[in-house]
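For reference, the structure is listed below as structure tokens.
Read-outs: derived from the displayed coordinates by stated rules, not from any lab. A quick note: this is a predicted structure, and the numbers were derived from the prediction, not measured.
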Amino acid sequence: MKIEKKCKSIIDKSYDDNSFSSQPEYWYPQNIKLPPDADVEFLDELFSSRQLFCLSLLLHEIEKVSDFGELLK
């Protein structure tokens with residue numbers, strides 16, 4: 001719940017903004033090649049910039065939790 005509370009307003013705002021153009025602030029996997037028969041060449045091409053922004057934010061907050069049991073609260 002802590003992660004949800006921290007991220008919810010930021011994520012909601014990103015979806016309320018019709019002109020969203022922000023690049024992810026935090027790390028996300030880039031230049032990960034997919035198999036030749038995939039629809040895109042790289043993993044990050046499967047997601048919009050808004051989705052990458054939200055996913056990188058969630059990953060960043062999850063990584064800050066030292067005890068994964070905390071995620072279940």
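Some observations on this one:
- Spatially close lysines, pair count over the chain: Cα under 26 Å, gap of eight or more or interchain: 13
- Scaling against 2.2 N^0.38 Å puts the C-alpha radius of gyration of the range 2-72 at 1.28.
- Acute angle (nearest 10 degrees) that the helix 2-16 long axis makes with the longest principal axis of the chain, alpha-carbon atoms: 50 degrees
- Principal-axis analysis of the Cα atoms of the chain puts helix 49-64 at an angle of about 50° to the longest axis.
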